Structure formats: C-alpha cells, structure tokens
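Below is one structure; the comments refer to it alone.
The values are calculated or read from the model by the stated rules, or taken from the named source; none is laboratory data. Since the model is a prediction, treat every value here as computed from it, not as a measurement. So basically every Cβ, Gly included, is an ideal-geometry build from the backbone, and we count neighbours across all protein chains shown. SASA here: full protein model, heavy atoms, side chains in, ligands and nucleic acids out. Shrake-Rupley method; radii C 1.70, N 1.55, O 1.52, S 1.80 Å.
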Amino acid sequence: MTEATKLTKKDFTSDQEVRWCPGCGDYAILATVQSLLPDLGVTPENTVFISGIGCSSRFPYYMNTYGFHSIHGRAPAIASGLSITRPDLDVWVITGDGDGLSIGGNHLIHALRRNVNLKILLFNNEIYGLTKGQYSPTSRVGMVAKSTPMGSIDHPLNPISLALGAEAGFVARTIDIDRKHLTEVLHAAHEHHGAAFIEIYQNCIVFNDDAFTLVTDRETKVFNQIRLAHGEPITFGPDGQKAVVRREDGSLEIADTAGAGDHIVRHDAHAEDPTLAFALSRLSHNPDRPTPFGIFRQVERPTYEDQLHQQIDHAQQQRGSVDLRRLLESGNVWEVGAS
C-alpha cells in the first residue's frame, strides 16, 4: 500500500452517533482500535467485529467495517463459523464480563480451547451496565448492587485464569485509559495466529465508577501495576523495590526485591507449560492489590481452521469431491406415508 492510499482512523470510523455514557471507558477502547487498524495494514472490507449483548456490544455500529451485533453470549460461536468459512478475514469479538462470562461462558471457553483464529476483547467493568447495575460474574464479594442489596456472596471469576485454563495460546490484560499499553497489547494479539484473549479493565462511570482506581490513579498505580515483559525479571514499584518471587510450593508471592535474591521470577510468556502464567493470574483476583498487566501467555499451536481445512483436503484427495444431492439420496432413505 502506498502512502497515497494509506488508510487512517477516519476510514474505520462509521457515521453512527456513539451512544455510551459520557466518560465511559468504552470510548477510549474504541478510539484506540480505530487508530490501530490502519497501522496493522488491514482494510475495512476484510475486517469484521462481532458482539453479543451489553454496552460494549454496540461496538460494531461505530466501526466502518463489517459487523454483527448478535445475541447474548453467542458472539464467539458466530465468529467461529465466520472465521472457519472465511479464514481470509480479520475477525474480532467484542464482549463484556456479563455477556462473555455468564450466559456466554461456555461459548468463550470452547472458542479458546479450539484455538479458533479470533481476537476476543473482553471489556471487564465488574457490573452489568446496560441493564442498570446488577452484579456480574466478576463483581467482588460483598459488592452492593441493585440485585445484591446485602452484598454479593458469589466468588468472582478470574478471566485470565479462565482463559489459561482453556489453554488459550494468547492471553493478556490491559486497561482502557492506558492507550499506549492497550495499543501494544492489541497489536501483539493481532500478530498472533490463533485465539487471542484480551481482558480490558474498563471503567463504568455510572454503576461502578473507580473500580480500578488502585491501578489507574496517578498516586497509586506505580505501586500496584506489575508490568510483564517476556524474558525480564518481574519487579515493580517506583524504583523496582518489589518483586514477584516463587515459594517452595511453586506458588508466587510479592516480596522486597532487596532480599529476594535468585527467587525473583523471570517472565516467560512463550513457555508451553502455562503453569507460570496461571500462577501470575492468581496474584490478584480483582485489582485490589498489585496486579499483573501485559501478555501472560503467547504460544503458537495449530488453529481449528487450519486443521479442519487440512482434514477436508485430505478427505477429498482420498475419496474425491462429494455430490451432496447424491449423498442425501443414497441409502437409508425412506418415505413417510399417510396411515
């Protein structure tokens, strides 16, 4: 593509009025994606955004690409069908903690374990925003909401642990207001061939404002953001005075860097064994303490589409092309007559 034809953010921005609450974190994510796509070298006509139901799921309306605002929790299933039949397309899934982890939990897990070539963006605001503030699968224990007036007694899901448990090849966490980090993570996800799962902390300014203050506030984030960099020792804090170290039983904890010696963990996002990535995901269930951000796991394995098309090619080589009508009319055919 020449400079004269290079696309810009405007080429990926639709003419639809954006209808999110003023101050919603969704705006920052939308703007970042619209700005990123031209740099990825993709085109609107070969890009598709598929969403379920929820505030974040209005996303496809605002993209000047193909899109599908589908049904509750089923976006991964619909996107899987598209990616399998049109592997030449860039297929993105937009979902939220309610849509993707409650009614859609099963579809999400199986898209990840099958390694369908999808980029799945899960906007996590720990609340149902569209339906006016009920607790969600990631809401914290004790959270008082309209559906939990005495406080939630549900143990919250950890989206990163869930994705790693499904053996997703690419698993990452980022945050709405950090545009640079969000861009870097999404760029890496796009480069990954296979299922990529990205949890994005997204502030719901109306029903769960300041849920992520500890990791976003100017004064506190430096003490609570653990930035993961492949191959680097995991330290954090203003002067790197804190570190992630390994206990004798293999679990991880946070300790003073000065006394940690060679127990400091060096991040390995490319490890085939997801044990380290899983242990990192357990450091913080919700961002109420030091919390890892970045790419937890980045390993390649055959995608579902690649294996399926190889299997079809192999079958056709062995048995020849199939005439569907002849197949339907051959054997085991009966007529249902009137009694």
Notebook entry, point to check: In the stretch 274-305, how many residues are open to solvent by 20 Å² or more (accessible area, probe 1.4 Å) and touching a residue at least 60 places away in the same chain (Cβ under 8 Å)?
Noted result: 13
Next item on the list: Go through the stretch 237-263 and give me each residue that's surrounded by 12 or more Cβ atoms within 10 Å (Cβ to Cβ) and of a type in the set (A, V, I, L, M).
Entry: A243, V244, V245, L252, I254, A255, A260
Next item on the list: Could you pull out the residue among A315, A338, A271 that is surrounded by fewer than 19 Cβ atoms within 10 Å (Cβ to Cβ), modelled with pLDDT under 95 and in a loop (DSSP other than H, G, I, E, B)?
Entry: A338
Next item on the list: Go through the residues of the stretch 152-161 one by one and say whether even a single one is free of Cβ contacts under 8 Å to residues at least 40 places away in the same chain, hydrophobic (A, V, I, L, M, F, W, C) and either over 26 Å from L89 (Cα atoms) or not in a helix (DSSP H, G or I) (or both).
Entry: yes
Item checked: Of all residues making up the stretch 162-172, the number that are part of a helix (DSSP H, G or I) and open to solvent by less than 10 Å² (accessible area, probe 1.4 Å) -> 2
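If only one of E219, E253, E199, E232 is of a type in the set (D, E, K, R) and within 25 Å of A166 (Cβ to Cβ), which one is it?
Values: E219 fails: within 25 Å of A166 (Cβ to Cβ); E253 fails: within 25 Å of A166 (Cβ to Cβ); E232 fails: within 25 Å of A166 (Cβ to Cβ).
That would be E199, the only listed residue that is of a type in the set (D, E, K, R) and within 25 Å of A166 (Cβ to Cβ).
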Next item on the list: Within the stretch 322-335, track down each residue that is outside any helix (DSSP H, G or I) and open to solvent by 100 Å² or more (accessible area, probe 1.4 Å).
Entry: V322, E329, N332, W334, E335
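Which residue, of V141, V93, is within 23 Å of T47 (Cα to Cα) and either in contact (Cβ under 8 Å) with a residue 60 or more places away in the chain or of a type outside the set (S, T, Y) (or both)? Outline the logic, then answer.
On the way: V141 fails: within 23 Å of T47 (Cα to Cα).
Going through V141, V93 in turn, just one is within 23 Å of T47 (Cα to Cα) and either in contact (Cβ under 8 Å) with a residue 60 or more places away in the chain or of a type outside the set (S, T, Y) (or both): V93.
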Next item on the list: Output the number of residues of the stretch 137-155 satisfying the condition of being open to solvent by 10 Å² or more (accessible area, probe 1.4 Å) and in contact with a helix residue (DSSP H, G or I) (Cβ under 9 Å, 6 or more places away or on another chain).
Entry: 1
Margin query: If A211 satisfies all but one of (1) surrounded by fewer than 19 Cβ atoms within 10 Å (Cβ to Cβ); (2) among the small types (G, A, S); (3) closer than 23 Å to S136 by Cβ, what's the number of the condition it fails?
Written below: (1)
Margin query: So if I check each of I234, I200, I226, I205, which one is at pLDDT 95 or above and open to solvent by 60 Å² or more (accessible area, probe 1.4 Å)?
Written below: I205
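Looking at E199, E219, can you tell me which residue is of a type in the set (D, E) and under 12 Å from the mean Cα position of the chain (by Cα)?
Details: E219 fails: under 12 Å from the mean Cα position of the chain (by Cα).
Within the list E199, E219, the selection yields E199.
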